[in-house]
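Q: Have a look at this one before I ask anything.
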Amino acid sequence: NAGVTQTPKFRVLKTGQSMTLLCAQDMNHEYMYWYRQDPGMGLRLIHYSVGEGTTAKGEVPDGYNVSRLKKQNFLLGLESAAPSQTSVYFCASSYPNNREELDEQFFGPGTRLTVL
Amino acid sequence: ELKVEQNPLFLSMQEGKNYTIYCNYSTTSDRLYWYRQDPGKSLESLFVLLSNGAVKQEGRLMASLDTKARLSTLHITAAVHDLSATYFCAVSHYQGAQKLVFGQGTRLTINP
């Protein structure tokens, strides 16, 4: 199993450009999440999905859109990139269950995005 | 609104010494996670703490949870250079889905 994978690993955009980040998981997890990590601020939740065809806003959703057309994929879109969106983006997935080993979030390797 | 605070944010220590990282959170939660992150890498799960008084140990790391005080600690015993990393605590709350709120992270540097 590859676990959680993210594409691309690095990207440089100019202000106003758009792009899509892809997250894929092969663990049959129901829940998927997008976070951003900025220096000194830990990870913050952008959007999440509790199943195929569903999405919801997290803590910092402005400027981003998401889609979950297939259970294994969760896409994060930047409609018009801004320098404030320069960050490292992490995707995570989990399976909803009260048993601790199934409730854990598994993280992808991250995408480093720079907006000039 | 759930807030999670770690301290210290930066910690430089010598090999062989003991130290503790603290994680305070503002509202009731039933589970807390500790993660490790190496530079340029993803997050690696270290511990899941599910109940008051929970204590887990792995090698030189030990984590504990006091839900009444809303406090978790990560204790490092006889530190070695390989433990140099950034450590995050994350507190779970359920609102439509299990959501994690992360602390700012503690950057730990262990010097020979």
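The values are calculated or read from the model by the stated rules, or taken from the named source; none is laboratory data. Please read all numbers here as calculations on a predicted model, not as lab measurements. As a convention, Cβ positions derive from the backbone with ideal geometry for all residues, glycine included, and neighbour counts pool all protein chains shown. Just the protein is used for accessible areas: all its heavy atoms, side chains included, with ligands, DNA and RNA removed. Shrake-Rupley method; radii C 1.70, N 1.55, O 1.52, S 1.80 Å.
Q: Looking at segment A:19-116, which trypsin sites (Lys or Arg not before Pro) are in a loop (DSSP not H, G, I, E or B) and have at most 12 other Cβ atoms within 10 Å?
A: When the trypsin sites (Lys or Arg not before Pro) of segment A:19-116 are filtered for loop state and at most 12 Cβ neighbours within 10 Å, A:Lys70, A:Arg99 remain.
Q: Note down the nm distance, to one decimal, between modelled labels 7 Å out along Cα→Cβ at A:Met19 and at B:Asn24.
A: 3.9
Q: So, taking all protein chains as they sit and a 1.4 Å probe, how much accessible area belongs to B:Asp82, in Å² rounded to tens?
A: So the heavy atoms of B:Asp82 present about 120 Å² to solvent.
Q: Additional query: Could you check the simple spin-label distance between B:Glu15 and B:Met62, using points 7 Å along Cα→Cβ, in nm with one decimal?
A: Going by the 7 Å Cα→Cβ label model, 2.3 nm.
Q: Please list, or write none, the lysines whose alpha carbon is within less than 21 Å of the alpha carbon of B:Lys68, excluding same-chain residues fewer than 8 places away.
A: Reachable lysines: B:Lys3, B:Lys56, B:Lys99.
Q: Rounded, prolate or oblate for segment A:4-115? Axes are the square roots of the Cα gyration tensor eigenvalues, ordered a ≥ b ≥ c, and the cut-off for rounded is a/c under 1.5.
A: prolate
Q: Given Cα pairs under 8 Å that are at least 6 residues apart, what percent is the relative contact order of segment B:4-106?
A: 35
Q: Let me ask something else about it. Points 7 angstrom from Cα along the Cβ direction at A:Lys71 and A:Asp26: gap in nanometres?
A: Here the modelled spin labels are 1.6 nm apart.
Q: If you take the accessible area of A alone plus B alone and subtract the pair, what total do you get in square angstrom, rounded to 100, with a 1.4 Å probe?
A: Chain pair A/B: roughly 1800 Å² of buried accessible area.
Q: Quick check: at a probe of 1.4 Å, how many percent of the accessible area of the protein assembly as shown sits on carbon and sulfur atoms?
A: On the protein assembly as shown, the fraction of accessible area on carbon and sulfur atoms equals 50 percent.
Q: Need one value: the accessible area of B:Ser64 in square angstrom, 1.4 angstrom probe, rounded to the nearest 10.
A: Result for B:Ser64: roughly 30 Å² accessible.
Q: Mean separation of Cα pairs under 8 Å and 6+ residues apart, divided by the residue count of chain A: what relative contact order is that in percent?
A: 35
Q: Across the residues of A:104-114, average count of Cβ atoms on other protein chains within 10 Å?
A: 3
Q: Okay, next question. Per residue, how many Å² of accessible area does chain A show with a 1.4 Å probe?
A: I get 48 Å² per residue for chain A.
Q: Taking only protein heavy atoms into account and a 1.4 Å probe, give the accessible area per residue of segment B:20-112 in Å².
A: 44
Q: For peptide B:45-51, compute the average count of partner chain beta-carbon atoms within 10 Å of each residue's beta-carbon.
A: Partner-chain Cβ atoms within 10 Å, mean over residues of B:45-51: 2.
Q: Straight-line reach only, C-alpha to C-alpha below 17 angstrom: list the lysines that A:Lys9 could link to, leaving out same-chain residues fewer than 8 apart.
A: B:Lys41
Q: Pull up the cross-link candidates among the aspartates and glutamates for B:Lys17, meaning alpha carbon to alpha carbon under 19 Å and not fewer than 8 places away within one chain.
A: Leaving aside aspartates and glutamates fewer than 8 places away in the same chain, those within reach of B:Lys17 are B:Glu58, B:Asp82.
Q: Once Lys and Arg get +1 and Asp and Glu get -1 on their Cβ, which of A:Pro83, A:Asn1, A:Met41 lies farthest toward the positive end of the dipole of chain A?
A: A:Pro83
Q: Could you give the dipole magnitude of chain B about its Cα centre, charging the beta-carbon of Lys and Arg +1 and that of Asp and Glu -1, in debye to the nearest 20?
A: Computed charge dipole of chain B: roughly 120 debye.
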